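Here the structure is laid out as structure tokens; the discussion comes afterwards.
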Amino acid sequence: MNNSQSHSDNAAPKPSFLVAYASQSGTAAALAQRSAALLHGQLDYQILPLNKVDNEVLSYTRQALFVLSTYGEGEPPDNGMVFAGRYLKGQVTIDLSHLQFSVLALGDKIYQQFCAFGHSVHQGLSRLGAIPLGEPLEACASAGYDSEGLLQQWRQGLKLPQTETQSPVQAKPPELILAKSPDFSEWRLVSRRHLNPGSPGAPVFLLSLGSVDGSIANWQAGDLIEVAFDVYPDNLLNTQVKRKYSIASLPQDGVVELIVRRHINADGSLGIGSGWLTAKAPLDSNISLRICQNPQFHAVEAQSPMILIGSGTGLAGLRAHIKQLEQQGATANWLLFGERSPEHDGFCADEITAWQHADVLSRVDLAFSRDPHNPAYVQDLVLKYADELRLWLQNGAAVYVCGNHLGMAQGVDHALQQIIPAQNYQQLLSLGLYRRDVY
Ligand SMILES: Cc1cc2nc3c(=O)[nH]c(=O)nc-3n(C[C@H](O)[C@H](O)[C@H](O)COP(=O)(O)OP(=O)(O)OC[C@H]3O[C@@H](n4cnc5c(N)ncnc54)[C@H](O)[C@@H]3O)c2cc1C
Ligand SMILES: Cc1cc2nc3c(=O)[nH]c(=O)nc-3n(C[C@H](O)[C@H](O)[C@H](O)COP(=O)(O)O)c2cc1C
């Protein structure tokens, strides 16, 4: 799927309104689509992932909305990193005094640097002379986003240029109009299999969920689900919390499969979402969920070899990709996977062996941190096989990373930056050949 949608072609005037998003797991991207839909018929606009916003785009844009999530510890999502390197380090001298802009900043107050990336972009653009149409509008994920309220606030602060409200450009990508968040629907917990009995880590389960009304939902490898849970704090009014999980299956499997680790709090109580899914929810009970597109982690359009890297529950997102490769008849892909114990944490080992036999995976390397003979993390494999990885990258392979951000994805990222030159790393990012579903 193409991430950028423009209402212009080469002959048409350049769109004066820009909606740019930086999003890791699709929320900001979906909100950008919905805000752009509000402009439909009033303005000529384009929607771009932030990394695609360059000097040329900024030169003809007159008004812009930036919908920006924050990741890591106050950092940009992957599809904002190139932009951040280009415009927020104080090294460029471009004059943006012709540009008015607003920022919708998404984040979560459980992190110290709440909405930090939204604020960095606000400050960086202001430093370059752009004119903010107000302070960044902040929204907190765990408080539950009020998307409609946010969009209304943004619209109120917006000064639509009168002269352009009757734009002659009418090409209408229908998904913009349909881009409302899909509603939650009821699914049934069909099965729950313990994948790592005896593991030194918390238990991990493979769950299958079937649609209650039998309708066939559509998604592709890389997509996520969001599950809504009702909680009753201290017998007060119930509130709903939502948790995201990477989908480990394809629609052709007829079920949404998940790989979920039970989160155990310090006092022994269970995490709200994972506790319900892995322990408390009876088999056959209903689960309310919706499918969330996550283009950031979809397969690259041109079929290039995949280097799939992950640990723990990160196998979920990688498994969906391998199933998709198998279906497409693709061969010669490389899985690097890490867990704790070689005896107890060989998740989905039979499947992995079958994919090797079918040559969907031409290479599999496993790392176990509690292996008494050869303890290693998956990032150690990246360093160990640096020469081969460089060769695969030279041959056009794309890198997919899924799983924990702290510990795994950060470690893999550092290792990758160690084994390839900085300009090749930047190129991987800007060409979209480095894709992550990390949490
Ligand atoms: C894009 C994405 C994909 C994911 N994919 C998977 C997957 O495939 N498999 C998987 O197992 N998990 C996945 N996760 C993680 C998953 O969404 C949950 O975060 C995880 O299951 C723990 O949630 P919980 O409700 O069980 O725990 P929680 O009840 O949220 O507790 C987790 C920890 O957070 C703390 N905490 C919770 N709320 C607050 C608060 N308001 N303030 C301060 N601290 C707080 C708790 O004290 C506890 O230490 C994914 C997350 C994302 C964002
Ligand atoms: C690994 C991880 C790190 C995060 N770090 C921050 C942070 O430093 N500051 C913040 O405000 N929000 C942080 N968040 C919260 C996200 O910004 C928030 O969930 C947002 O809705 C994600 O939007 P997206 O789906 O567009 O990526 C983090 C979320 C994850 C999963």
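The modelled label-to-label distance between Gln417 and Ile94, using points 7 Å beyond Cα along the C-beta direction, is 2.3 nm.
Once the convex hull of all Cα atoms in the range 9-75 is built, its volume per residue stands at 92 Å³.
Checking every one of the GluC sites (Glu not before Pro) in the range 307-396 against DSSP loop status and a limit of 16 other Cβ atoms within 10 Å picks out Glu343.
Using the Cβ-Cβ distance between Leu391 and Gln156 with R0 = 60 Å, the FRET efficiency computed as 1/(1 + (r/R0)^6) comes to roughly 0.65. Neighbour counts of C-beta atoms inside 10 Å place Ile307, Ile420, Ile216 in the sequence Ile216, Ile420, Ile307, starting with the fewest. Computed about the Cα centre, the dipole magnitude for the chain is approximately 500 debye when only Lys and Arg (+1) and Asp and Glu (-1) carry charge, each at its Cβ. Using only Cα coordinates, the Kirkwood hydrodynamic radius of the range 300-438 works out to 15.0 Å. Net length available on complete extension from Ile131 to Ala228 is 31.0 nm, with 0.36 nm assigned per residue and the Cα-Cα distance removed. Legend: calculated FRET efficiency, Tyr60 to Ile264, from the Cβ-Cβ distance at R0 = 56 Å, rounded to 0.05, equals 0.55. In plain terms, the bigger the Kirkwood radius, the slower the diffusion; for the chain, with that radius from Cα pairs, at 25 °C and 0.890 mPa s, Stokes-Einstein puts D at 107 µm²/s. The distance linking the range 49-123 with the range 316-347 is 34 Å (Cα centroid to Cα centroid, whole angstrom). When each of Leu209, Leu429 is scored by the number of other beta-carbon atoms lying within 10 Å, the sequence from fewest to most is Leu429, Leu209. For the range 402-417, 3J(HN,Hα) computed residue by residue from phi via the Karplus equation (6.51, -1.76, 1.60; θ = phi - 60°) reads 9, x, 4, 6, 5, x, 7, 5, 5, x, 5, 4, 4, 4, 4, 5 Hz, glycine and proline entered as x. Taking max minus min of the alpha-carbon positions on each principal axis, the range 371-439 gives extents of 39, 28, 17 Å, largest first. If you add up the charges near Phe184, with Lys and Arg at +1 and Asp and Glu at -1, over every other residue whose beta carbon is less than 10 angstrom from its beta carbon, what do you get? In short, -1.
Please give, to one decimal in nm, the separation of the simple spin-label points placed at Val212 and Glu186, each 7 Å out from Cα toward the Cβ. Taking the simple label geometry, Val212 and Glu186 are separated by 0.3 nm. Size descriptors for the range 248-357, from the alpha-carbon set: Rg then Dmax equal 16.0, 49 Å.
Neighbour counts of other Cβ atoms within 10 Å put Thr331, Thr278 in the fewest-to-most order Thr331, Thr278. Please name whichever of Ile272, Ser59, Gln426 sits farthest to the positive end of the charge dipole of the chain, dipole taken about the Cα centre and charges placed at Cβ: Lys and Arg +1, Asp and Glu -1. Final value for the positive-end residue is Ser59.
Note that the range 258-263 has calculated 3J(HN,Hα) couplings of 10, 10, 10, 9, 6, 8 Hz, one per residue in order, obtained from phi through the Karplus relation 6.51 cos²θ - 1.76 cosθ + 1.60 (θ = phi - 60°); glycine and proline are x. Along the range 139-144 the Karplus relation, 6.51 cos²θ - 1.76 cosθ + 1.60 evaluated at θ = phi - 60°, assigns HN-Hα couplings of 9, 10, 4, 6, 7, x Hz to successive residues, with x for each Gly and Pro. Among the listed pairs Lys52/Lys244; Lys89/Lys244; Lys109/Lys244; Lys14/Lys89; Lys242/Lys280; Lys52/Lys242, those whose Cα-Cα separation exceeds 24 Å are Lys52/Lys244; Lys89/Lys244; Lys14/Lys89; Lys52/Lys242. The magnitude of the dipole of the range 205-266, with charges of +1 and -1 set on the Cβ of Lys/Arg and Asp/Glu and taken from the Cα centre, is near 260 debye. Distance between the pseudo-spin-label points of Gln426 and Gln410 (7 Å out from Cα toward the beta carbon): 2.5 nm. Built from the Cα atoms of the range 186-260, the convex hull projects on average onto 6.7 nm², one quarter of its surface area. What the pair-distance distribution of the range 1-133 shows, using all Cα-Cα distances binned every 5 Å from zero, is 2, 11, 22, 25, 21, 13, 5, 1, 0, 0 percent.
No lab work stands behind these numbers, since they all come straight from the coordinates. Only a predicted model underlies this, so the values are computations on that prediction, with no experimental measurement involved. Positions of Cβ are generated from backbone atoms using ideal geometry, with glycine treated the same way; all protein chains shown enter the neighbour counts.
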